[in-house]
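A short worksheet on the structure shown next.
The values are calculated or read from the model by the stated rules, or taken from the named source; none is laboratory data. Keep in mind it's a predicted model, so treat the numbers as computed, not measured. In this analysis, Cβ positions are derived from the backbone assuming ideal geometry, glycine residues included, and neighbour counts consider all displayed protein chains. In case anyone asks, the SASA skips ligands and DNA or RNA and just uses the protein heavy atoms, side chains included. Shrake-Rupley method; radii C 1.70, N 1.55, O 1.52, S 1.80 Å.
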Amino acid sequence: MKSIPYFFTLFLLAVGCEPKTMKEQPNMIQDSHSFSKPSEARVTHLHWVATIDFSSKTITATATWQIAAAGDAKEIIFDTKDLSIEKVLLDNDQVATYKLTDAVPTFGQALAVGIERDTKTVSIFYKTSPDAEALQWLSPQQTAGKKNPFLFTQSQAILARSWVPCQDSPSVRFTYDSEVTVPSNLLALMSASNPKTINHTGVYQFRMTQPIPSYLLALAVGEINYQDISSRSGVYAEPSIVDTAAWEFADLEKMISGAEELYGKYRWDQYDVIVLPPSFPFGGMENPRITFATPTILAGDRSLTSLIAHELAHSWSGNLVTNATWEDFWLNEGFTVYFEHRIMEKLYGKDYSEMLALLARQSLDETIEDLKTHDNYADTKLKLNLKGRNPDEGVTDIAYNKGYFFLRSIEEKHGREKFDRFIKDYFNENAFKAMDTEGFTAYLKNYYQTKYSISIEDNFLKAWIYTEGLPADCPQPVSTRFEKVNAFLQQWKASGKLDPQQTSTWSTHEWLHFLKNLPDSLARSQMEILDNFGHFTSSGNAEILTVWLTNAIRYDYTPADATLEHFLIHTGRRKFLNPLYQELIKTPEGKKRAKGIYRKARPNYHFVATNTFDKLLN
Ligand code: BES
Ligand code: ZN
């Protein structure tokens with residue numbers, strides 16, 4: 001284990017990272033998902049020195065936090081999960097007293113460190129557990145190259161505490177720098193300034209000069225290459241994938257400049273994407289400067305790049321203006337879906353973005369129905385009640401798509417120009433701050449009143465934010481391209497005709513709309529006809545495959561069995577796994593089959609996925 005070089009600490013002090021006073025961060029909101037009490041003592045900067053050990057699947061590290069505390073604060077509290085703490089020092093050389101509370105499921109343990117009036121830094125020497133929930137250690141077999149292991153983190157929502165002791169609340173921001181030692185044949189990347197090539201010493205330095213919340217801490221280690229797309233953007237991936245990825249994301253710079261034209265300058269310098277191995281449990285994760293992405297967006301035809309627009313949009317909504325608590329999660333995701341659709345509209349036209357909007361509306365209606373029938377109707381409010389619950393339970397279409405339609409309805413009510421000016425100012429004035437739902441509505445009302453003399457009615461806000469379901473005047477997107485799909489479906493139902501000429505120009509989205517709107521019941525013979533027509537079972541597009549395979553399970557279309565099993569074992573993205581396992585468990589035989597497949601697939605999944613499916617399948 002290394003300790004922090006003294007000269008480096010002096011350097012940090014010299015460049016102005018000295019502890020700040022408490023009053024500089026006025027908007028402190030109590031977050032029920034963190035043990036920390038940032039209004040009494042909070043962190044301002046992290047210096048992280050770590051060694052990554054693949055053989056023991058552990059990280060041995062020292063986290064040195066610069067702190068700011070109220071004059072009478074006797075302790076500072078950190079969140080930890082499954083960390084073994086070796087020792088804690090104050091100001092580099094003074095042994096600190098500390099206590100760890102008993103472990104609470106999901107939330108972990110509070111680490112309370114005694115501090116003094118003039119304490120400037122707290123250094124925590126610790127080691128992670130091989131089961132650390134944020135970390136996924138992949139064997140060479142689980143990578144594309146098959147030669148080297150791979151490690152990646154997933155910190156959102158409250159998993160950062162399993163690899164860095166931190167004040168794990170989205171309302172607490174800090175800058176960081178780090179020194180990470182990895183096997184010398186591997187490259188390390190963080191949500192910070194990144195190397196573009198391997199340096200063969202295995203030691204990498206990182207610096208994140210913009211303050212971020214802990215859920216945006218990220219690390220990836222593996223055999224990784226880089227390819228530029230523009231002077232400020234590019235793609236990282238395993239060597240065999242990097243060219244494919246660069247081709248798929250060719251429009252990356254256009255997306256960044258398009259986003260800037262909409263809502264202001266990109267404030268994080270560099271924007272890269274890393275394409276991870278297939279077990280990555282999400283589609284994308286907006287780690288600052290380096291979006292983490294699933295390889296399932298490499299469709300080969302650039303048809304799934306709205307996901308990149310989404311993660312890029314988080315550079316404003318989420319990473320600049322951050323949900324204060326996970327109960328305000330819609331502020332991150334609803335804004336981001338809105339922004340994502342605007343980027344796609346700007347680049348590819350309204351025809352295109354309205355397809356996305358209609359898919360979003362359909363999926364939202366299904367989610368609301370589903371939550372209603374499962375006695376979770378309260379979770380259809382935008383403002384969530386997640387006290388004592390895993391914030392992961394708030395990750396539904398409500399935050400994303402109800403959030404999106406709420407914002408879109410403000411746009412439609414009072415005009416796009418006004419709304420765009422509002423959003424731009426909202427991002428600028430609240431940059432690098434936390435925002436809760438109430439802060440947002442106050443800002444919105446005040447802005448429209450003072451700038452436009454328009455009063456935004458409380459009833460309107462109440463109906464969207466604090467009421468279940470959807471207001472009757474929820475925007476209904478109209479997609480001319482999907483109307484053609486509807487006509488094609490009608491024609492099939494009426495005459496059995498499936499003319500490939502009519503579908504030759506269809507994008508992934510049209511195929512998705514087609515597959516999601518098939519007749520309510522299909523005979524095996526009809527499934528066969530469809531498969532011969534669209535070759536769905538052999539589709540390389542994971543979005544299409546998921547919808548198709550759900551139908552295959554429902555209608556007992558056995559020719560897709562092998563594909564289904566292979567897909568479930570080799571894909572870790574929860575959004576795809578979920579509908580398939582859900583469909584399987586609807587029958588007793590299906591449930592047996594699901595359990596059998598899950599037993600084989602589970603070792604490939606990240607904690608985020610096993611945590612969901614253990615409950616479903618054990
Ligand atoms: N920030 C989310 C992923 C996330 C949310 C991780 C909550 C952990 C907790 C990310 O921006 C996201 O929304 N990803 C989506 C893709 C998007 C296009 C809807 C996903 O992974 O499917
Ligand atoms: Zn998102």
Check: Can you count the Lys pairs in the range 518-617 with C-alpha separation below 14 Å, eight or more apart or on different chains?
Finding: 4
Notebook entry, point to check: Using +1 on the beta carbon of Lys and Arg, -1 on that of Asp and Glu, and nothing else charged, what's the dipole of the chain about the Cα centre, debye to 20?
Noted result: 400
Check: With point charges of +1 on the Cβ of Lys and Arg and -1 on the Cβ of Asp and Glu, referenced to the Cα centre of the range 61-211, which listed residue (114, 193, 88) lies farthest in the positive direction of the dipole?
Finding: 193
Margin query: Using +1 at the C-beta of Lys and Arg and -1 at the C-beta of Asp and Glu, which of 598, 553, 577 has the Cα lying farthest in the positive direction of the dipole of the range 518-617?
Written below: 598
Item checked: Computed [θ] at 222 nm, deg cm²/dmol, the chain (DSSP H ≥ 4; -39,500 (n - 2.57); rounded to nearest 500) -> -11500 deg cm²/dmol
Check: In what sequence, largest accessible area first, do 267, 161 appear using a 1.4 Å probe?
Finding: 267, 161
Notebook entry, point to check: How are the C-alpha pair distances of the range 253-356 spread across 5 Å bins, as whole percents from the shortest bin up?
Noted result: 2, 13, 23, 25, 21, 12, 3, 0
Notebook entry, point to check: Once you charge only the Cβ atoms, +1 for Lys and Arg and -1 for Asp and Glu, what is the size of the charge dipole of the range 448-522 about its Cα centre, to the nearest 20 debye?
Noted result: 260
Checklist line | Positive-pole candidate from 183, 522, 376, dipole of the chain, charges at beta carbon | finding: 183
Next item on the list: Please give, to one decimal in nm, the separation of the simple spin-label points placed at residue 393 and residue 240, each 7 Å out from Cα toward the Cβ.
Entry: 4.2
Check: For the range 168-216, what's the relative contact order in percent, using C-alpha pairs closer than 8 Å and at least 6 residues apart?
Finding: 54
Notebook entry, point to check: Within the range 548-562, what residues put their amide N at less than 17 Å from the label point 7 Å along the Cα-to-Cβ vector of residue 370?
Noted result: 548-554
Notebook entry, point to check: When ligands, DNA and RNA are left out and all protein chains stay put, how many square angstrom of accessible area per residue does the chain have with a 1.4 Å probe?
Noted result: 39
Note to self: Ranking request for peptides 516-522, 238-244, 126-132: highest mean number of other beta-carbon atoms within 10 Å first, then the rest in descending order.
What the structure shows: 126-132, 238-244, 516-522
Next item on the list: Can you grab the distance from the C-alpha centre of the range 200-227 to the C-alpha centre of the range 161-197, Å, no decimals?
Entry: 5
Checklist line | Cα long-axis angle, helix 252-263 against the chain (0 to 90 degrees, to the nearest 10) | finding: 80
Notebook entry, point to check: Mind ordering 371-384, 487-500 by average Cβ neighbours within 10 Å, highest first?
Noted result: 371-384, 487-500
Note to self: Accessible area of the chain with a 1.4 Å probe: how many percent of it is carbon plus sulfur?
What the structure shows: 51
Next item on the list: Would you mind checking the radius of gyration and Dmax of the chain based on alpha-carbon positions, in Å?
Entry: 24.6, 82
Checklist line | Between the range 523-576 and the range 57-73, the alpha-carbon center distance in angstrom | finding: 49
Notebook entry, point to check: How long are the semi-axes of the ellipsoid equivalent to the range 518-617, from square roots of 5 times the Cα gyration tensor eigenvalues, in whole Å, largest first?
Noted result: 23, 14, 11
Checklist line | Cα-derived Rg over Rh, computed across the range 405-537 with Rh taken as Kirkwood radius | finding: 1.18
Item checked: Equivalent ellipsoid dimensions for the range 321-465 as semi-axes, Å, which come from the Cα gyration tensor, largest first -> 24, 20, 14
Item checked: Cα centroid of the range 275-306 to Cα centroid of the range 379-418, whole Å -> 23
Note to self: Using the crude model of +1 on Lys and Arg Cβ and -1 on Asp and Glu Cβ, and no other charge, please compute the dipole size for the range 518-617 relative to its Cα centre, in debye to 20.
What the structure shows: 580
Note to self: What Kirkwood Rh does the range 265-311 have if only Cα atoms enter the pairwise 1/r average? Answer in Å.
What the structure shows: 11.1
